[in-house]
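Inspection log for the structure reproduced underneath, given as structure tokens.
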Amino acid sequence: MQFSIKRDKLLKSLNIVQGIVEKKNTLPILSNVLMQLKGKKLSIVATDLDIIFHDEITDVKVINEGSTTTSAAILYDILRKISADSEINFDLKSENKLSLKSENADFNLNCLPTDNFPTFSDEFNSKEMSFDNQSFLKLLNKTKISISNDDTRHYLNGVFFHLTEGHGRYFLTGVATDSHRLSSSSLEIKNNDEFQPFILPRKTVFQLCSILSEINEKLLMQISENKIKFMMGNMQLISKVIDGKFPDYKKVVPSGNDKALLVGSKDFISSIERVASVSLDRKEGVKMSIQKDNVQLSVNSANSGEGNEKIKAEFNSENLIISFNSKYLLDIASEVENKNLKLNLKDSTSPVLIEDLSDKNSFYVIMPMKI
């Protein structure tokens, strides 16, 4: 196996690989990246057994075909430190030694045989669904903030995708919740009767976000019984789906909250960040004292002091005091596209519905805190 390639082409692939491979692994081969040179193409494959990443690079000078596996982290680190646009020459000297040369640099990397690398044969017979790259990325960004980290309820450790219908239109809807907050965002699609709901794991969601933010190719999706495949140009991401039943989230979405608070999104975010500065671990909640034309935000920490700030707002009801986890509020407010944030409240203990007036297909629910 012998070839030369531009450093930047390979680095782009290996950057994504870093998020897939496990750094501490009982199986050393899973820390490696598989490089296969065949038919004027270089294939890059990485896996943690739950996710498989596959990329094809055609801009490569092939001298001898072949394949090997080497440490993904070490190869990435070397390439990162080599100057941009350099030509890198690879030569597999023996089954366990890969030579890498560039300008004045010369490295010999340890390899493991390709026979040890896991093989996959997945049948994806379902119809491909096509999405605009940036629209799907927006859906993921808006929902991922509410993914749970609680492994005891594994079915909440991802985004639940399912079909919804409204006014004769069909939507692919993503929902995530950690039981303190909930995010929902939808994309309009043509009706797809074959679609089976699935829960996309947290790690896959974050990897897909990083890939979609880097490339502009159209996104294609295919579903099998327990796996899902995303295709973006020459790249593929195949992932297991979470085996479990997502709860009926519609029961917790409030419908009778008639007290509406309208507040400027940027002012709201900045103000929370300032008053929350007094709390080092951000554990203390932010208290909102809501009046007709303003909101007073305050954070009180027994260890480090208190912060208070007043911002303009519009409220259509009597004065109300309610408290929230400041991080949850900031996460949601940062995803709202409109210059104003609309909070629909009932009282100081009931769930609050947050709307984005610029995106009618997304909403958020947040539970108040007791302070």
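Readers should treat all values here as calculations from the given coordinates under stated rules, not as data from a laboratory. Predicted, not measured: the structure shown is a model, and the values here were computed from it. In this analysis, Cβ positions are derived from the backbone assuming ideal geometry, glycine residues included, and neighbour counts consider all displayed protein chains.
Fewest first, what order do HIS54, HIS154 take by the number of other Cβ atoms within 10 Å?
The fewest-first ordering by Cβ neighbours comes to HIS154, HIS54.
Along the Cα-to-C-beta direction of ASN96, a point sits 7 Å from the Cα; which residues of the range 105-130 have their amide N less than 12 Å from that point?
Counting only backbone N, you get 110-113.
What FRET efficiency, computed as 1/(1 + (r/R0)^6) with R0 = 45 Å and r the Cβ-Cβ distance, is obtained for ASP248 and LYS312, rounded to the nearest 0.05?
After rounding to 0.05, the efficiency reads 0.70.
Please list 3J(HN,Hα) in residue order for the range 158-168, calculated via the Karplus relation 6.51 cos²θ - 1.76 cosθ + 1.60 where θ = phi - 60°; whole Hz, with x for glycine and proline.
x, 9, 8, 9, 7, 8, 10, 9, x, 6, x
Using only alpha carbon pairs under 8 Å that are at least six residues apart, calculate the relative contact order of the chain and give it in whole percent.
Reported as a whole number, the value is 13 percent.
GNM, the chain, Cα, under 10 Å: largest mean-square fluctuation among VAL278, VAL352, VAL33?
VAL278
When the convex hull of the C-alpha atoms of the range 280-371 is computed, what volume per residue in Å³ does it have?
Dividing the Cα hull volume of the range 280-371 by its residue count gives 99 Å³.
Remind me, relative contact order of the range 107-211 in percent, using alpha carbon pairs under 8 angstrom and six or more residues apart? Please list the in-between numbers first.
Working: 147 pairs, mean separation 26.9, N = 105.
The normalised contact order for the range 107-211 reaches 26 percent.
How much mean residue ellipticity at 222 nm does the chain get from its helices, if each DSSP H run of length 4 or more adds -39500 (n - 2.57) and you divide by all residues, to the nearest 500 deg cm²/dmol?
It lands at -5500 deg cm²/dmol.
Can you tally the net charge around ILE5? Count Lys and Arg as +1, Asp and Glu as -1, for every other residue whose Cβ sits under 10 Å from the Cβ of ILE5.
Charge balance in the 10 Å sphere: +1.
Go through LYS12/LYS81; LYS142/LYS283; LYS6/LYS101; LYS24/LYS327; LYS12/LYS41 and tell me which ones have a Cα-Cα distance over 20 Å in this structure. Display every interim value, and only then the final one.
Working: LYS12/LYS81 14 Å; LYS142/LYS283 23 Å; LYS6/LYS101 12 Å; LYS24/LYS327 30 Å; LYS12/LYS41 16 Å.
Beyond 20 Å between Cα atoms: LYS142/LYS283; LYS24/LYS327.
Under the classification rounded if a/c is under 1.5, otherwise prolate if a/b is larger than b/c and oblate if not, where does the chain fall, given a ≥ b ≥ c as square roots of the Cα gyration tensor eigenvalues?
Values: a/c = 2.64, a/b = 1.88, b/c = 1.40.
Prolate is the answer for the chain, as a/c is 1.5 or above and a/b outweighs b/c.
Could you name the lysines whose alpha carbon sits less than 21 Å from that of LYS259, not counting residues in the same chain fewer than 8 places away?
Correct list for LYS259: LYS250, LYS251, LYS287, LYS292, LYS310, LYS312, LYS339, LYS342, LYS346, LYS360, LYS370.
How far apart, in nm, are the 7 Å Cα→Cβ label points at THR164 and GLN18?
Taking the simple label geometry, THR164 and GLN18 are separated by 3.6 nm.
Could you go through the range 113-124 in sequence order and give the Karplus-derived ³J(HN,Hα) for each residue, using 6.51 cos²θ - 1.76 cosθ + 1.60 with θ = phi - 60°, rounded to whole Hz, and x for Gly and Pro?
x, 5, 4, 7, 6, x, 10, 10, 9, 10, 9, 10
Hey, what did the range 253-366 get for relative contact order, percent, Cα under 8 Å, at least 6 apart? Numbers along the way, then the final one.
Values: 253 pairs, mean separation 35.2, N = 114.
Relative contact order for the range 253-366 comes out at 31 percent.
Could you calculate the contour length gain from ASN25 to ILE63, that is, 0.36 nm times the residue separation minus the distance between their Cα atoms, to one decimal place in nm?
10.3 nm
In whole angstrom, how far apart do the alpha carbon centroids of the range 28-106 and the range 141-200 sit?
Here the answer is 36 Å between Cα centres.
When the label point is put 7 Å from the Cα of ASP258 along its Cα-to-beta-carbon vector, which residues of the range 315-329 have a backbone N closer than 14 Å?
316-318
Starting from 0.36 nm per residue, how many nanometres of slack lie between LYS38 and LYS266 once their C-alpha separation is accounted for?
Extra length from LYS38 to LYS266 when fully extended: 76.9 nm.
Multiplying the sequence separation of LYS339 and ARG153 by 0.36 nm and subtracting their Cα-Cα distance, what value in nm do you get?
Separation in residues times 0.36 nm, less the Cα-Cα distance, equals 63.4 nm.
Is any residue of the range 56-86 close enough, with backbone N under 11 Å, to a label point placed 7 angstrom from the Cα of GLN2 along the Cα-Cβ axis, and if so, which?
Answer for the range 56-86: 63-65.
Can you find, among ALA46, PHE3, SER94, the residue farthest towards the positive end of the dipole of the range 2-116? Put +1 on the C-beta of Lys and Arg, -1 on that of Asp and Glu.
Checking the options against the dipole of the range 2-116, the answer is PHE3.
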